[in-house]
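Notes follow the structure.
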C-alpha cells in the first residue's frame with residue numbers, strides 16, 4: 001500500500017491518511033490506484049462496493065456485540081477488517097469481556113502495524129522492484145484465512161462458488177464482481193447448509 005501511495009496521483013499525506021479514514025486494504029488500494037483517473041464520486045462508489053462485504057461481517061458478529069458496552073459497539077466496528085473477522089470467527093466461544101479484550105487487542109495490532117508498514121512502504125517505494133508483484137499479496141493472505149477457516153463442506157462450497165463467480169466477473173466495472181461473487185458464495189453456502197441439515201435429519 002505504501003508503494004502504491006508513493007506512485008499515486010493522490011497527494012502523499014492524503015494517501016497516508018486514507019489508512020485511517022478508509023481502514024480497509026482492498027478499498028484503500030482501489031481508491032489510491034484510481035486517484036487522478038476517475039471522478040471523486042467513482043472513487044467513493046468503488047470503495048463502498050468493495051467494502052459492502054462488511055455488511056455480512058456485521059451480521060455474523062452482531063450477536064457477540066449485543067451484550068457489549070455502548071462505547072465498544074461504536075468503536076468496535078471501525079476495527080472490523082477481513083483479518084479481525086477471520087480471527088474472531090475462529091474463537092466462537094469467546095464472549096463478554098474476554099471477547100472484547102481479544103477483539104480490541106487484535107484490532108489495534110493490525111491498525112498500528114498497518115500504519116507503520118504503509119509509512120515504511122511510502123519511504124521505500126522507489127526502491128521496490130516491480131517484479132515482486134506485491135499487489136497479489138493481499139489476495140494470497142486472505143485466501144489462507146479462508147482455507148484455514150473451512151470446517152464443514154458447506155463452507156467449502158461457499159468458498160469455491162464465490163471464487164469461481166469472482167473470477168468470471170472480473171471484467172465488471174468498479175470491481176462489482178467482488179460483490180457478486182460474495183453474494184453467490186453466501187447463497188451457495190446457505191443452500192448447501194440447508195441440504196446438509198436435511199440429510200442429517202433424514
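Bear in mind these aren't lab numbers, they're just calculated from the coordinates by the rules spelled out. Remember, it's a predicted structure, so these values are computed and weren't measured experimentally. Ideal geometry is used to build each Cβ from the backbone, glycine not excepted, and the neighbour counts take in all protein chains shown.
The table below lists the values:
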{"read-out": "Taking the C-alpha atoms of region 1-58, convex hull volume expressed per residue in Å³", "value": "68"}
{"read-out": "P(r) histogram, all alpha-carbon pairs of region 150-202 included - 5 Å bins from 0, percent", "value": "5, 25, 23, 19, 12, 8, 5, 2, 1"}
{"read-out": "Estimated FRET transfer efficiency (residue 168, residue 196; beta-carbon r; R0 30 Å; 0.05)", "value": "0.75"}
{"read-out": "Coarse-grained scattering of region 1-101 at q = 0.13, 0.14 Å⁻¹, given as base-10 log I(q)/I(0) from a Debye sum over alpha-carbon atoms", "value": "-0.55, -0.62"}
{"read-out": "Packing-based exposure ordering (other Cβ within 10 Å, fewest first) of 93, 193", "value": "93, 193"}
{"read-out": "Distance from region 163-202 to region 42-93 (C-alpha centre basis), Å", "value": "20"}
{"read-out": "FRET efficiency estimate (nearest 0.05) - Cβ-Cβ, residue 108 to residue 62, R0 30 angstrom", "value": "0.90"}
{"read-out": "Length-normalised contact order for region 150-202 - Cα pairs under 8 Å, 6+ apart - percent", "value": "41"}
